[in-house]
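The values are calculated or read from the model by the stated rules, or taken from the named source; none is laboratory data. For clarity, every value in this text was computed on a predicted model and none was experimentally measured. For neighbour counting, all protein chains shown are included, and Cβ atoms are generated from backbone atoms with ideal geometry for every residue, glycine included.
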Amino acid sequence: MSDTTSARTDHLLRGGRVRSADGTMISYLTRGSGPVVVCLHGGLGSALSLLPLSAHLADEYEIVMMNLRGHGTSQWGQSPPAIAHEIEDILAVVEAVGPLRALFGYSYGAVLALETALAAPQRINKLALYEPPLPVTYPIPDPALLETALASGDYEQLLLTATTGSGGLSPTELAALREDPLWPSKVAHAPTLVPTMQVLAGLQPTVEQYAAVSVPTKLMVGTTSAPYILEAADLLAGAIPNLTREVLHGQGHHVDHQLLSRSLAAFASDRAA
């Protein structure tokens with residue numbers, strides 16, 4: 001096989017499944033070859049959300065894109081939502097695809113990655129985070145409101161409640177949200193927000209516990225993200241002793257994948273960012 005053919009084959013999407021500790025089947029997609037980087041998507045996302053990022057990294061790394069439980073083709077949990085089960089899922093994938101060069105999490109996935117490094121530092125070599133919405137500053141909505149909207153099938157209301165608080169938007173503001181090409185996908189995935197918020201609500205609303213995270217950590221943030229995101233990043237940067245921080249200027253929570261990939265690749269390979 002020629003080098004060109006081999007490289008083309010390496011970029012073909014592959015997949016796998018593992019059974020987590022409580023029996024939940026967790027799926028993942030893989031692209032590329034080289035040191036393994038496991039990536040965790042954000043809320044309302046799936047492994048598909050990470051495909052653009054993987055396209056920039058597949059020449060150098062094997063990118064493993066998890067579907068968190070209840071997302072993508074992973075099963076809804078066999079146990080009530082809790083951070084312990086999310087960590088078990090991640091470690092099951094790490095065990096299946098390792099050895100691991102780095103664990104990367106985006107948004108909600110960054111919270112899960114951080115908690116995994118705290119719970120099992122011996123299993124994580126490096127930790128990379130993009131804008132974790134930590135409960136120390138994140139305005140977690142009332143779970144009862146979300147569950148009511150879910151029970152009645154009001155997916156759009158559920159999404160609005162989770163992302164805007166009361167969901168009391170003007171018609172003009174709602175119309176602007178609906179102009180987002182991703183809005184229908186977000187609405188379709190709105191039920192996943194209920195367990196997501198339950199997991200976040202179960203975490204300590206502090207950052208002091210993360211001082212015990214001992215692995216090399218890189219925290220990446222944009223400059224135009226919501227204040228609660230940037231405030232949490234400031235607090236986290238002050239808590240973790242072995243942390244470097246990179247600010248991606250002009251970026252927000254929906255970050256340019258090429259810029260993000262450069263930062264992640266530099267950290268995973270020990271190059272200067």
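Restricting attention to the stretch 238-256, the residues that are surrounded by 15 or more Cβ atoms within 10 Å (Cβ to Cβ) and over 18 Å from the mean Cα position of the chain (by Cα) total 3.
Residue-wise test of (1) part of a helix (DSSP H, G or I); (2) out of contact with any strand residue (DSSP E or B) (no Cβ under 6 Å at 6 or more places or on another chain); (3) under 24 Å from residue 207 (Cα atoms).
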site: 138; (1), (2), (3): no, yes, yes
site: 144; (1), (2), (3): yes, yes, no
site: 159; (1), (2), (3): yes, yes, no
site: 163; (1), (2), (3): yes, yes, yes
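From the list 172, 196, 192, the lone residue that is in a helix (DSSP H, G or I) and touching a His at 6+ places or on another chain (Cβ under 6 Å) is 192.
Being in a helix (DSSP H, G or I) and under 23 Å from residue 234 (Cα atoms) is true for just one of 105, 109. Which residue is that?
Result: 109 is the single residue among 105, 109 that is in a helix (DSSP H, G or I) and under 23 Å from residue 234 (Cα atoms).
The residues on offer are 263, 225, and the sole one that is surrounded by 15 or more Cβ atoms within 10 Å (Cβ to Cβ) and closer than 22 Å to residue 61 by Cα is 263. In the stretch 201-222, the residue that is farthest from residue 117 (Cα to Cα) out of those that are crowded, with 20+ Cβ neighbours inside 10 Å and among the aliphatic types (A, V, I, L, M) is 221.
Residue-wise test of (1) modelled with pLDDT of 95 or more; (2) over 22 Å from residue 124 (Cβ atoms); (3) not aromatic (Phe, Trp, Tyr); (4) not assigned by TED's automatic domain parsing to the domain that holds residue 184.
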residue: 19; (1), (2), (3), (4): yes, no, yes, yes
residue: 26; (1), (2), (3), (4): yes, no, yes, yes
residue: 30; (1), (2), (3), (4): yes, no, yes, yes
residue: 35; (1), (2), (3), (4): yes, no, yes, yes
residue: 42; (1), (2), (3), (4): yes, no, yes, yes
residue: 57; (1), (2), (3), (4): yes, no, yes, yes
residue: 70; (1), (2), (3), (4): yes, yes, yes, yes
residue: 76; (1), (2), (3), (4): yes, yes, no, yes
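The set of residues in the stretch 74-102 being touching a Ser or Thr at 6+ places or on another chain (Cβ under 6 Å) and in a loop (DSSP other than H, G, I, E, B) consists of 74, 75, 77, 78.
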